[in-house]
Amino acid sequence: MSGNPWHDGRDELDGQAARLRDRLNGYRQNAGHLPEHPERVHVAWATFLETSDTATDALDAWHRIGAEAQQAERARVAEHRAHLRGDGPKPKLYKPQDVAARRADELLRCAALVDMALEARGTYARLLTDRTVMEETRAALVAKFAGLQSRAREAVASAEAAFTEWVSTRDSLAQITAGLGLGGGPEGVPPSVDSERSRWFGEAHDAWPILNRLLGTNDPVASGRWAAMTVEELEAVPPVWRRERMAQNHPGSRERRDLRRIELRERAAGRVVSALTVPAEMTEAEARDLLPRA
């Protein structure tokens, strides 16, 4: 039996290499950026992948050191066996190599490369939480969001029309084909839709009004419009999306009265944050006159 630890199975170095590879793989599978993130975020991710690839290649090369040493030892044993049987020449003088030392040194290099890759991953992670980067990303998403709901609604309407036309044409074609006595086989009975497939059609018909209601809503939360509001609208107290919901209440309700007082106070102070219960053209003086009665 060989005294080399790498020969008799996995040793501590194998375990270290496996842990290094696991650390790399865990981070490679967790990209956190969006297509709308600034270019420097994409560059940081690409840099991490590049350094990670280099570290992975080094770990692969490290693994081959042990595999090649094992192969060389097996070949050396085979040469000796052949010589002892008289089937081959005496093996040349053996020049031992310190495989264990080479593996240990190369693994240190691998660890350094992994550290570099993880430093690049750290740079990438910090960019994702950088406020300036997040503001730029939000601006790009706001631009993308503009008009997207109405376009989606138009697409659904077009899809619904195409679906309805397909169902109608399908039914008409089936009726005419059956009327000609075709497609029924020897029994003469045309095929029917089983219960499961019939359920599919029912669910499809039910989906259109649901989609149209969702895409037709002006509710700031359901539509996602709240997130595209201006910073001033979002930082207002209460935020404008909340005010819009308050304005949906009955004119005599407490929430509507509260909202009117909020807008009057803002208008009297020369600020126009929202105009849901107070006319947009109301002057500061008019607002001050109404405040005691609000």
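The values are calculated or read from the model by the stated rules, or taken from the named source; none is laboratory data. Being a predicted model, the structure only gives us computed values, none of them experimental. Don't worry about glycine lacking a Cβ; one is built from the backbone with ideal geometry, like all the others, and counts go over all protein chains shown. Remember, those area values only see protein heavy atoms, side chains included, never the ligands or the DNA or RNA. Shrake-Rupley method; radii C 1.70, N 1.55, O 1.52, S 1.80 Å.
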> Which ones in segment 198-213 are exposed (fewer than 10 other Cβ atoms within 10 Å of the Cβ) and over 30 Å from Leu148 (Cα atoms)?
Replying inline: none
> Condition test on Glu187, is it of a type in the set (Asp, Glu) and loosely packed, with under 13 Cβ neighbours inside 10 Å?
Replying inline: yes
>> Step by step: first the residues of segment 246-281, then only those that are open to solvent by less than 60 Å² (accessible area, probe 1.4 Å) and among the basic types (Lys, Arg), then the one that is nearest to Thr230 (Cα to Cα). Which residue is that?
In response: Arg267
> Does Leu173 satisfy the criteria of being closer than 25 Å to Leu49 by Cα and part of a helix (DSSP H, G or I)?
Replying inline: no
>> Residues to consider are Ala157, Ala112; find the one that is surrounded by 13 or more Cβ atoms within 10 Å (Cβ to Cβ) and part of a helix (DSSP H, G or I).
In response: Ala157
> If Arg64 passes every condition in (1) open to solvent by 70 Å² or more (accessible area, probe 1.4 Å); (2) in a helix (DSSP H, G or I); (3) over 28 Å from Arg23 (Cα atoms); (4) not hydroxyl-bearing (Ser, Thr, Tyr) but one, which one does it miss?
Replying inline: (3)
>> Test of understanding: among Asp53, Asp87, which residue is among the acidic types (Asp, Glu), within 30 Å of Thr129 (Cα to Cα) and open to solvent by 60 Å² or more (accessible area, probe 1.4 Å)?
In response: Asp53
> Could you say whether any residue in segment 69-92 is part of a helix (DSSP H, G or I), modelled with pLDDT under 90, over 27 Å from the mean Cα position of the chain (by Cα) and among the polar types (S, T, N, Q)?
Replying inline: yes
